[in-house]
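The values are calculated or read from the model by the stated rules, or taken from the named source; none is laboratory data. The structure displayed is predicted, hence computed values, not measured ones. Heads up, the Cβs are rebuilt from the backbone with ideal geometry, glycines too, and the neighbour counts pull from every protein chain shown.
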Amino acid sequence: MSSILRVEDLKIYYKARKGIFGSVQIKAVDGVSLNVGYGETIAIVGESGSGKTTLGKAILKLLDPTSGRIIFDDQDINLIRTSDVKKFRLQVQGVFQDPYSSMNAFMSVKQILNEPLAIHNIGNKQEREQRILEALTDVNLFPADEIIQKYPHMLSGGQRQRIGLARALILRPKLIIADEPVSMIDASSRAEILYLMRELQSKFNITFLFITHDIATARHFSDKIAVMYAGNIVEYGSPQTIINNPLHPYTQALIKSVPSTNPINRLRMREVIPGEPPSPSNPPTGCKFHPRCPSFISGTCESIEPISVRLDNDHQISCHLWTD
Amino acid sequence: MTLLKVQNLSLHYTSGSNNIRAVDGISFNMEQGEVLSIVGESGCGKTSMSLALMRLLPRNSTGYSGHIFFHDEDLMKLSDEELRKIIRWKKIAMVFQGALNSLNPVMRIEQQLAEPLILDASYSRDAISQRITELIGMVHLPNEILRRYPHELSGGMKQRVLIAMSLVLNPQLVILDEPTSALDVSIQAQIMNLLKDLKNNLGISFIFITHDISLASDISDRVAVMYAGEIVEIGSSEQILLKPKHPYTIKLLQSIPTLKSNEPPKFIPGSPPDLSNPPSGCRFHPRCDMALAICSKENPQSFLLNNGQRVNCWLLKENI
Amino acid sequence: MILSLLINILSSTTGKIGFFLLTFMFLISVFALLSNPLDFGTRIWNNPIVWSDNPKNAPPSWSVLFSQDAGPGHRVFDLYNPIQSVQYQNTFETTYSVDFDYNGNKPPTFISLSVENLKYWGTPPMLYVTVDRPDGKSLKIYHHVFKSPRVNQEVPINRYIDEPLRIYLSGDSSVANNMSDFLYTEFDVQMQADKIAGNIQNIIFGVPNIYEKDDLNGLEGRYKFTLLFVSKNKLDSVDHLRLVMGGSHYGLMGTDSIGRDLARGLIFGFPVALTIGLLTSILTTAIGTMAGILSGYSGGKTDIVIQRSCDILSNIPLLPLLLFLAFILGQKLWVVMVVMIAFGWPGLTIIIRSMVLQLRSGNLIEASISIGASKWYIMTRHIFPQIAPFVIAQMIFFTPAAILAEAGLSFLGLGDPSIPTWGQILDQGFRTGAVYIGYWWWVIPPGVLIVITALAFVLLALAMERVVDPRLRISGR
């Protein structure tokens, strides 16, 4: 199966200032490889500091990697000539976490949706108006001709995020990176947006990269889940595999941390991962999870970095428990 | 023993020419030593309610009325000065929403913890030092944290410091407004365990405000569900989480994606109403798929079931 | 957006006052520019010839209402047409005359005679000045022989075309001698020479005191001045004779030590102040905003370069540098303005930069990049509209600062003397000691005008404050 997106050993390091003269290296993404097939939805699940947002931004070509490659449609995106970058942007779009701050509050919905078309010189005035109304219908915002006159602050959070989705869709991209698209939306409205995204995916044959911290949401709305920790993908597989048969200690702990609505929970302590997520400027040696790992193997885990092992049916894991 | 009896509490704001009815006639009771969760989504008025309980009214507030009986004493009748001296932080304390940013960045942790003790002149230096060491241990943080500055602490550590700060004067009731919403899931679990610990060891009562009903299940004895400024359902955790009666509660529980079952989450179409112009009758009726004719005309009464569960919904009328 | 800004400003009292003041000042500026040439400064203001007929250091005319013994008003008599022209044998006599009343209180502060455009063929003509007093006595005041032609000068000899011949009769020694003779002959009074020299007007317009022969009382009545032009050639002529009876007060705002009508100078100061203020402010704001946006948006090297430039410029002492430049380049207005702009923009840059950084923390800029917008598009279309209200308010707020800075620099002597600004007028007032002598009309009005102008802008900026608070605006709410 050919893939629309291939990430090969991507590393993204920043330099941050420390003190007056010193600087420290932040390893946001530390060797990530990923293969995304056409029309798939891949969920990148991780906590803060896992590097998932940085990964998303790199694929959107919002920042440059330190090493490694990102291949979109058989083209290395970092080798694209400046004059062709605009063409790349036509095909890869983003939906962002905060639907309010990602839009210009002084622009009406019509102007917001018209902007991508104008920048890429698509269609004449009438064609653009037509496309804008269609885009609003696609994201189930009615009545379209009233909505186009409104400004972002007049809409609810869910409606705003749908405008964000419409804006990403209006250029008919092949790949959409959605960075925490529903985490600022009310819990009772989230599924609505996610179902909408799924509908649009099949209608327009779009591939989605869905970045989230909520593994439960990822389970229901993705074809594959990649679990990230401290800049690495530690486990990868289908939702069923990951949820029902998690093999990496971090994945297991993550799943146990998710609360369920059982009132008996209050009478017992939850199993927690001890300690804190590692500091990105001074990560642990070897396997970055080793200080918090219940299955820590002395002598191995703290000195050698685990390599990714492919188990059956697309289940991959980076853990010394499985590298033999 | 009933610790808190809130009757018909209301708090309105003016914004421009609008009158926003943020809290509109809330009533509930709370026993000593129990944890009550207030669950609601954005704009339902839960934060306003916590501010109303502590009388931390914003400048544009109007329409502050009702009764707050704390140990049979109506707090509404106390003067501002009395409330400040007697109640605030001494009997009722609060951990605010977004509190991670409200630590003073230029003061050490020990100074910030000690502040309420210093202001109350009856504590000696030694007593203060002893108390803050005690507190920092209660929230499972090492002593050396005391000498640090807030920016040196992680999110989880800061949250623990804030919880310690709320416990300084041994309050009987602590209100926690979204204490874990800015934290990662794994840290969230740690904080919840800490709260369970404190509840069991110190016998403190908590009001736990959150938008995440599954988080509420992790700690609460009783749950109150808020929608558009009103409490629509209240009962024990078992009743609300396993046998909800209000359509909003039912739908809310159904929109939580579950890990174990294959059942995909549902959603409630539409969005919460504008509190300056709420819908007529039951405020949830425009989004409710079980609405009756009466729902758009009259605001539902409170129906008390045999097991103590209270539901504000016309659907319950037949059952009584 | 401008319209809604305007409405907002006018809704508050401060806004109304500020707006009203500014409109008023703007109208005066238009008037000033329409009624004066653009080189007013060099051609008129700094040209002593223009003001030579004015009384010096005279208070404004309306101040006489407040003083007990007001002196006479300023009278200028322009004589173009003679009363008669008579020929006596081979001399020609052309007579000009003027008569007026004197109330006997205080004589003119000076008497001057100007002759313009003299033409003669051959022998230089002569001019006699006589006065007929109300007591019937006649005074020969002055006799002038015009200068002979230079060697090989062609006839007709044409003199005093650009610059009239000016004779201060009230300070002339020959006039003083005539006064001495007059006193002795008519009144049998002998007065000391230096006392006569200082009292020529008093003698012409008065009589010696009966008791104190050395003092003079004013003589009330009608006086007639006759100017007799005597020439050998019929065609000899003068175009214009002017007799000036200097007043003790003058004009709307009085005069300075050169006799300049301060009202004209102050009025011309309006457009100058507004231009300096607005031009400096607009340029400073434009540069500062662009640098701030570029710095905040680009980050990296561009940001560092711009920021360090700001640091360096903020730390260079402004005044010593200006002194140095004034020394090298001369005291020119454009030098002052360039220096003010060059040192003014860093302050704004820092603020704009932090506002842009705040915008970057949201997703707006990332979203715009991913749509395909170019860097410049984002800066102009997305960033600038969010900070525009703040920029406009800053511009308005900076204008009085520029005006005050220019006034201050002029006051320190670093200003451009060729253009009359309020600061210049103030400076000259202080230099000549006007403050100590008590010439209040010279130093108070320019100071007051500077303050009111600054106030007008500040009030306007304050009225805009609510609309424009960046904390409320940037978050987009």
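Summary of computed values
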item: Residues that are under 14 Å from the mean Cα position of the chain (by Cα) and surrounded by fewer than 24 Cβ atoms within 10 Å (Cβ to Cβ), drawn from the stretch A:229-244; result: none
item: The one condition in (1) at the interface with another protein chain (Cβ under 10 Å from one of its Cβ atoms); (2) surrounded by fewer than 23 Cβ atoms within 10 Å (Cβ to Cβ) that A:Q201 fails to fulfil; result: (1)
item: Output for the stretch A:245-257, where each listed residue is of a type in the set (A, V, I, L, M, F, W, C) and either in contact with a Lys or Arg (Cβ under 7 Å, 6 or more places away or on another chain) or surrounded by fewer than 21 Cβ atoms within 10 Å (Cβ to Cβ) (or both); result: A:L247, A:I255
item: C:D69 among the charged types (D, E, K, R), closer than 30 Å to C:F225 by Cα and at pLDDT below 80; result: yes
item: Residue check for B:S48: among the small types (G, A, S), surrounded by 15 or more Cβ atoms within 10 Å (Cβ to Cβ) and within 29 Å of B:S271 (Cα to Cα); result: yes
item: Top-ranked residue in the stretch C:361-377 [being among the hydrophobic types (A, V, I, L, M, F, W, C) and buried (at least 21 other Cβ atoms within 10 Å of the Cβ); ranked as farthest from the other protein chains (Cβ to nearest Cβ)]; result: C:I365
item: Any hit, the stretch A:261-280, residues being more than 30 Å from B:F208 (Cα to Cα) and away from every other protein chain (no Cβ under 13 Å); result: no
item: Some residue of the stretch A:258-276 being basic (K, R), over 16 Å from the mean Cα position of the chain (by Cα) and farther than 30 Å from B:Y248 by Cβ; result: no
item: Whichever residue in the stretch B:86-108 is closer than 15 Å to B:V168 by Cα and of a type in the set (K, R) and, among such residues, is modelled with the lowest pLDDT; result: B:R88
item: Enumeration of residues in the stretch B:240-256 that are more than 9 Å from chain A (Cβ to nearest Cβ), in a helix (DSSP H, G or I) and touching a residue at least 60 places away in the same chain (Cβ under 8 Å); result: B:P247
item: Hey, A:I297 hydrophobic (A, V, I, L, M, F, W, C) and not in a loop (DSSP other than H, G, I, E, B) or not; result: no
item: Residue that is in the same structural domain as C:N81 (by TED's automatic domain parsing) and in a loop (DSSP other than H, G, I, E, B), where the choices are C:Y211, C:Y142, C:Y184, C:Y128; result: C:Y211
item: Positions within the stretch B:265-308 being among the aromatic types (F, W, Y), within 14 Å of another protein chain (Cβ to nearest Cβ) and within 22 Å of B:D24 (Cα to Cα), in sequence order; result: B:F284
item: Residues being facing another protein chain (nearest Cβ under 10 Å), among the aliphatic types (A, V, I, L, M) and not in a helix (DSSP H, G or I) - total across the stretch A:85-136; result: 5
item: Qualifying positions in the stretch A:271-300 - surrounded by 16 or more Cβ atoms within 10 Å (Cβ to Cβ) and of a type in the set (D, E, K, R); result: A:E276, A:K288, A:R292
item: Within the stretch A:124-153, considering residues that are of a type in the set (K, R) and farther than 20 Å from A:F204 by Cα, the one surrounded by the most Cβ atoms within 10 Å (Cβ to Cβ); result: A:K150
item: Count of residues meeting criterion [buried (at least 16 other Cβ atoms within 10 Å of the Cβ), over 22 Å from the mean Cα position of the chain (by Cα) and either part of a loop (DSSP other than H, G, I, E, B) or free of Cβ contacts under 8 Å to residues at least 12 places away in the same chain (or both)] in the stretch A:301-324; result: 3
item: From A:R219, A:R268, residue being out of contact with any Ser or Thr (no Cβ under 8 Å at 6 or more places or on another chain), crowded, with 23+ Cβ neighbours inside 10 Å and of a type in the set (K, R); result: A:R219
item: Test set (1) within 14 Å of chain A (Cβ to nearest Cβ); (2) crowded, with 21+ Cβ neighbours inside 10 Å - B:V311 fails condition number; result: (1)
item: Residue tally, condition surrounded by fewer than 12 Cβ atoms within 10 Å (Cβ to Cβ) and assigned to a strand (DSSP E or B), over the stretch C:68-95; result: 4
item: A:S156 surrounded by fewer than 23 Cβ atoms within 10 Å (Cβ to Cβ), farther than 25 Å from A:R89 by Cα and over 14 Å from the mean Cα position of the chain (by Cα); result: yes
item: Of all residues in the stretch C:39-62 being small (G, A, S) and under 15 Å from C:K106 (Cβ atoms), the one that is surrounded by the fewest Cβ atoms within 10 Å (Cβ to Cβ); result: C:S61
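For (1) touching a residue at least 24 places away in the same chain (Cβ under 8 Å); (2) polar (S, T, N, Q); (3) not assigned by TED's automatic domain parsing to the domain that holds C:R360, each residue gets a yes or a no:
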{"residue": "C:L227", "(1), (2), (3)": "yes, no, yes"}
{"residue": "C:S231", "(1), (2), (3)": "yes, yes, yes"}
{"residue": "C:L252", "(1), (2), (3)": "yes, no, yes"}
{"residue": "C:S295", "(1), (2), (3)": "yes, yes, no"}
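Listed here are the residues, each with its yes/no results for (1) at negative phi; (2) modelled with pLDDT under 90; (3) more than 17 Å from the chain's Cα centre (by Cα).
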site: B:Q159; (1), (2), (3): yes, no, no
site: B:I163; (1), (2), (3): yes, no, no
site: B:L169; (1), (2), (3): yes, yes, yes
site: B:L195; (1), (2), (3): yes, no, no
site: B:I209; (1), (2), (3): yes, no, no
site: B:V223; (1), (2), (3): yes, no, no
site: B:S237; (1), (2), (3): yes, no, no
site: B:P247; (1), (2), (3): yes, no, yes
